[in-house]
Amino acid sequence: MRPVDLTFSAGRTTALVGPSGCGKSTLLRMIAGLETPSAGAIEIGGEPPSQTLRKAGLSVAFQDPSLLPWRSVRGNIELALGLARRRPGPDEVDQLITLVGLDGFGDARPAELSGGMRQRAAIARALATRPGLLLLDEPFGAVDELTRTQLAQDLPRIWEARGTTTILVTHSVSEAVHLSDRVIVLSPRPAEIVDDIAIDLPRPRPETATRSDEAAALVDRVFAGLAKGMAMDRPTLAAQ
Ligand SMILES: Nc1ncnc2c1ncn2[C@@H]1O[C@H](COP(=O)(O)OP(=O)(O)OP(=O)(O)O)[C@@H](O)[C@H]1O
């Protein structure tokens, strides 16, 4: 089995795409330092993830938004800011709440929100600390199509302006192409890199940019990679 050997460029957005169960979330959790690889190593700027967490800041928004249920949306964001010892600018928290489309819900507790709203609150919390590295695992999974489109417009602007390094796991091929500078296509478990695609579409990318011939060709290439991966003979994990 070939090892997964990846280098992520600072300040760029990379999407990981692959079939369910191939290990995308596990890879993201290892980059976040939440799991340890059984072989090999994860380094961020030559250091282990724990150092990035401390220095440049590392934020995650995973499928399960994991908001504190007894705190409001604003309270959850403020807690993250407090833990990161970051004092927000005036109105900054409110601007983030507006950005993710939660205007009027700043004082709502997670139980008063829908699944998609909770995910958006988690995105606002992840952005609030201005992390150097942002890890997003299916962050828009429960978000409606229209809001997804809006977030796909707004979030890359923030990442770019702040020079955030973003790694994104998504099941949506068009979303991967729309949001990223690079798409890594993975095979079924145990994952191998099937394709590594530079997305050189101009930025900013309006919604219409996703419908260009160039974007369509890139989407086709990702699908071709996924199909190639599915056709690959994968060893069972038990046999390794
Ligand atoms: N290379 C590997 N070695 C050992 N276990 C693996 C490997 N890849 C995946 N797994 C295991 O497979 C399971 C599914 O992995 P994971 O949740 O990371 O997949 P995923 O690609 O994120 O799936 P989904 O797209 O459905 O969320 C986990 O239990 C994980 O530990």
So, in region 125-142, exactly how many residues are under 21 Å from PRO110 (Cα atoms) and within 16 Å of the ligand (Cβ to nearest atom)? 7
If we scan region 224-232, do we find a residue that is surrounded by fewer than 13 Cβ atoms within 10 Å (Cβ to Cβ) and in a loop (DSSP other than H, G, I, E, B)? yes
Answer with yes or no whether SER114 is of a type in the set (S, T, N, Q) and within 16 Å of the ligand (Cβ to nearest atom). no
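What helices (runs of 4 or more DSSP H), lying completely within region 1-103, carry at least 3 residues that are within 16 Å of the ligand (Cβ to nearest atom) and surrounded by 12 or more Cβ atoms within 10 Å (Cβ to Cβ)?
Of the helices (runs of 4 or more DSSP H) lying wholly inside region 1-103, those with at least 3 residues that are within 16 Å of the ligand (Cβ to nearest atom) and surrounded by 12 or more Cβ atoms within 10 Å (Cβ to Cβ) span 24-31.
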Checked region 67-122 for anything of a type in the set (D, E, K, R) and under 20 Å from the mean Cα position of the chain (by Cα); matches are ARG118, ARG120
Over region 174-194, the set of residues away from the ligand (no atom under 13 Å from the Cβ) and closer than 12 Å to PHE223 by Cα is SER174, VAL177, VAL183, VAL194
Residue check: is GLY82 in the same structural domain as LEU168 (by TED's automatic domain parsing) and on the phi < 0 side of the Ramachandran plot? no
Among the residues listed as LEU155, LEU127, LEU151, the single one being under 15 Å from ALA61 (Cα atoms) and in contact with a strand residue (DSSP E or B) (Cβ under 8 Å, 6 or more places away or on another chain): LEU127
Only one of (1) of a type in the set (Gly, Ala, Ser); (2) crowded, with 18+ Cβ neighbours inside 10 Å; (3) in the same structural domain as ILE77 (by TED's automatic domain parsing) fails for ALA152. Which number is that? (3)
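Working only within region 158-203, note down all residues that are of a type in the set (Asp, Glu) and either surrounded by 17 or more Cβ atoms within 10 Å (Cβ to Cβ) or under 16 Å from GLY11 (Cα atoms) (or both).
Passing the criteria: GLU160, GLU175, ASP181, GLU192, ASP195, ASP200.
The values are calculated or read from the model by the stated rules, or taken from the named source; none is laboratory data. If you're wondering where the values come from, they're calculated on a predicted model, not measured in any experiment. Positions of Cβ are backbone-derived with ideal geometry, glycine not excepted, and every protein chain shown enters the neighbour counts.
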